[in-house]
Number of protein chains: 2
Amino acid sequence: MADYRKMWESLGMDLETHDQLCEVLPQAFGDVFLSQENRPEAMDYYNFVIAEIHGVRPQELIKAQEEGKKVFGTFCVYVPDELIFAANAIATGLCGGSQFWVPGGEKVLPTNTCPLIKASVGARLDRTCPFFRIADMYIGETTCDGKKKAWEILGEDVPVHVMDLPQMKREKDIKAWAEEIKELKKVIEEFTGNKVTAESLNESIKLINNKRKALSRLYECRKADKVPISGRDALVISQIAFYDDPARFTQMTNKLCDELEQRIKDGVSVVKEGTKRILLTGTPLAVPNWKLHNIIETSGAVVVCEEMCTGTRYFENLVDETKTTVDEQIDALANRYMGINCACFTPNTGRIDDIIRLAKEYKVDGVIDVNLKFCSLYDVEGYTVERALKEAGIPVMGIETDYTDNDAEQLRTRIGAFIEMIGTK
Amino acid sequence: MADYRKMWESLGMDLETHDQLCEVLPQAFGDVFLSQENRPEAMDYYNFVIAEIHGVRPQELIKAQEEGKKVFGTFCVYVPDELIFAANAIATGLCGGSQFWVPGGEKVLPTNTCPLIKASVGARLDRTCPFFRIADMYIGETTCDGKKKAWEILGEDVPVHVMDLPQMKREKDIKAWAEEIKELKKVIEEFTGNKVTAESLNESIKLINNKRKALSRLYECRKADKVPISGRDALVISQIAFYDDPARFTQMTNKLCDELEQRIKDGVSVVKEGTKRILLTGTPLAVPNWKLHNIIETSGAVVVCEEMCTGTRYFENLVDETKTTVDEQIDALANRYMGINCACFTPNTGRIDDIIRLAKEYKVDGVIDVNLKFCSLYDVEGYTVERALKEAGIPVMGIETDYTDNDAEQLRTRIGAFIEMIGTK
């Protein structure tokens, strides 16, 4: 790994604490990923990205800043990256997937807050995430009680713009979301000094659509009877999608898909025949949260689909590319983003339809509904989701977990029993 | 107590389970309320209401239904009762303040849900609350993740209309709330078959404003150096305000205020001189949740104000009575209701201003910030609230609790120490 200490230092990071993270991450990645057999060769790129996750991309972002570009940090799949890129700025995900950051968040947030939020706030306040240090502005949203209030605390530290996501999906709500996007446009234009034009927005809509198409192609490969890529590998790709340069990510992912499609033709599988196929649904799995995939895939099953923000919600449905004015383009953005079925909406029956559709498309043997502890939205919705799946004759198991390893053995036992129970192909 | 069993039976209630509640409530009320010395005589009315809480008002509601009126059940101070009464219908609060109902809610909701929501859903599903049985329709709102999702489960059982409360307070949000109120008007008009007119709405605006004025007058009395009424008694009055006939409630509360104002003139206090004055802030205390007031007032202090939904948020600020068209009246309603400072808004700095203002007006010695367990909104906001109070030199203690008695002794110890610690007058 290259030496990024000087860069981290200049970012004002807490190097000593950050070193602890740098020490454990390679081991964790090795255990979960590099131990796999018969991985696609094109995974090398993603291995490299993870190995240098706090180095190579941050370096690029800093270089862009030196050239006058602004960097916007985002937390949620509802924030339209298109607008940011259209203003010649860069959107990036932020840290939030490790227990390492949780205690820092608990200094200001209640323990009864979901680990994703606690880790995000902790990563920022403890100065152990370069992305949080680099971002010139954060774009928050009102998708859940915890995040909505956490922005108030984060906002004391750095500029935060919060988008008010409607809680329903009536026609007027989609219009209201278009209004929020327009307001974001203004904020971005003022902050960057760059105008968003129909041309630049059209370009960035295509840029992000192409990323969606690449991810869609990757997921399409996972539908094959002989699964050409593990769930772990697909997950880490989904996670990297939030950070990487979109054009390069698209290119590398398409390259991987070439290999995967060849594998399908050749009948190459990463798992032995009869391995149970699992769909995961629920709360997002931010990098480096690989816990569940790892347990499932070392318990005799393979994850073939994630109905998650780090999964299908991120890439399904494209933005209409045919619009020619900014107003129409913004309406198209609002339409696409309001099509995402997050539990923050009421009602959210579309998500149940999605899960049942995906379960069929990916020919899954069972669904695991995973909830990050203290996420009320997905927790309450789990009741109707699991009932609907049972009614549809799809085996389902609900799991609640956090970022610690305390429940790993218990999860392994429960998941093992579930996999054994569900019908053999 | 009159015999209401026949009525409860005809409501389809679970009599056997409900009997258990009926057995314990009088004892609890006696312990907390009737044991107080020197209570105002006019408290007799509220004693009667509580003694017959599942009888006398439900009987009135059923009678009104027989006469063709509709009853709407509500959960939140943002729902404008004015519209309901203007359509010749009745608004009523619903059950949700006792641990008795919590296990019923936990059958369908996560344990990590606030007790208020669990109790409400449990009271409905277990058929042990007459108000839930009587209401023809529930009006929900999107004030928090837990409630927002709970309506989906409740809605399977009975008609629910959900109002989408904006999460911010910009000009467009107040307009959006006016739109939601207009939509509610349509729903109510269709459901009742009655038209809301400028005249009927003007009348009901005055009706509810008068209730606010009576409560305001009651609270004004609590500012006196010699406190004429205990916090417990004031709390139960605030709680009854959600259920009672508004005109009668106003009349009875004004009658009580006559007595209290006379007490102030006569220098009559319910507590001995030097008793520490406490302001409570935080999550609502639904009937029969009297736990904290009881602990505080049997630990050498008196509660003189509640910055709560069962408190100042319910009655502060009147609706403008001078508007002459329904559209203008609805704007006036939107303005008044959007003035309430609930933690569901971001930012919500107005609440901090309120607390500091109230702390001065009520000359309090300290503030107790109470959070119902698993309420993320007030829990996160507690961090900034408590910091602001400390900066303002106002002693503050944060407490998290639920409806069980498990923490009563611990709370008594902590509250006792806090009361001892804060400055003697």
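The values are calculated or read from the model by the stated rules, or taken from the named source; none is laboratory data. The structure presented is a predicted model; accordingly, all values stated were derived computationally and were not measured. Methodologically, a virtual Cβ is constructed for each residue, glycine included, from the backbone with ideal geometry; neighbour enumeration extends over all protein chains shown.
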Here is a list: A:300, A:339. Which entry is on the phi > 0 side of the Ramachandran plot, away from every other protein chain (no Cβ under 14 Å) and touching a residue at least 12 places away in the same chain (Cβ under 8 Å)? A:300
Just need a number here: residues in region B:264-316 that are part of a helix (DSSP H, G or I), of a type in the set (Lys, Arg) and in contact with a helix residue (DSSP H, G or I) (Cβ under 9 Å, 6 or more places away or on another chain). 2
Elements of type helices (runs of 4 or more DSSP H) contained in region A:72-174, each with 1 or more residues being under 29 Å from residue A:381 (Cβ atoms) and within 17 Å of the chain's Cα centre (by Cα): A:81-86, A:115-125, A:145-154
Filtered residue count, region B:373-414, keeping only those that are aliphatic (A, V, I, L, M), away from chain A (no Cβ under 13 Å) and either over 27 Å from residue A:145 (Cα atoms) or free of Cβ contacts under 8 Å to residues at least 40 places away in the same chain (or both): 6
Those residues that are surrounded by fewer than 12 Cβ atoms within 10 Å (Cβ to Cβ) and among the charged types (D, E, K, R), I need them from region B:391-423; list them, please. B:391, B:405, B:409
Please work out if residue A:48 is surrounded by 14 or more Cβ atoms within 10 Å (Cβ to Cβ) and not small (Gly, Ala, Ser). no
For the subset of region A:288-310 comprising residues that are over 15 Å from residue A:227 (Cα atoms) and out of contact with any Leu (no Cβ under 9 Å at 6 or more places or on another chain), which member is surrounded by the most Cβ atoms within 10 Å (Cβ to Cβ)? A:294
Within region B:154-175, is there a residue that is buried (at least 17 other Cβ atoms within 10 Å of the Cβ) and either on the phi > 0 side of the Ramachandran plot or among the small types (Gly, Ala, Ser) (or both)? no
Considering only region A:212-231, I want to know if a residue exists there that is of a type in the set (Phe, Trp, Tyr), part of a helix (DSSP H, G or I) and surrounded by fewer than 21 Cβ atoms within 10 Å (Cβ to Cβ). no
Residues of region B:14-56 being assigned to a loop (DSSP other than H, G, I, E, B) and of a type in the set (Asp, Glu), which ones? B:14, B:37, B:41, B:52
Acidic (Asp, Glu), within 14 Å of another protein chain (Cβ to nearest Cβ) and either in a loop (DSSP other than H, G, I, E, B) or touching a helix residue (DSSP H, G or I) at 6+ places or on another chain (Cβ under 8 Å) (or both), is that true of residue A:354? no
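For residue A:59, are the conditions met, namely being touching an Asp or Glu at 6+ places or on another chain (Cβ under 8 Å) and in a helix (DSSP H, G or I)?
For residue A:59, the condition - touching an Asp or Glu at 6+ places or on another chain (Cβ under 8 Å) and in a helix (DSSP H, G or I) - is not met.
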Residue, farthest from residue A:71 (Cα to Cα), within region A:177-228, restricted to residues that are within 14 Å of chain B (Cβ to nearest Cβ) and free of Cβ contacts under 8 Å to residues at least 12 places away in the same chain: A:179
For residue B:196, are the conditions met, namely being in a loop (DSSP other than H, G, I, E, B), at pLDDT 95 or above and surrounded by fewer than 21 Cβ atoms within 10 Å (Cβ to Cβ)? no
Which numbered condition trips up residue B:317, out of (1) surrounded by 24 or more Cβ atoms within 10 Å (Cβ to Cβ); (2) farther than 21 Å from residue B:227 by Cβ? (1)
Would you mention how many residues in region A:143-176 are without any contact (Cβ under 8 Å) to a residue 24 or more places away in the chain, within 7 Å of another protein chain (Cβ to nearest Cβ) and in contact with a Leu (Cβ under 7 Å, 6 or more places away or on another chain)? 1
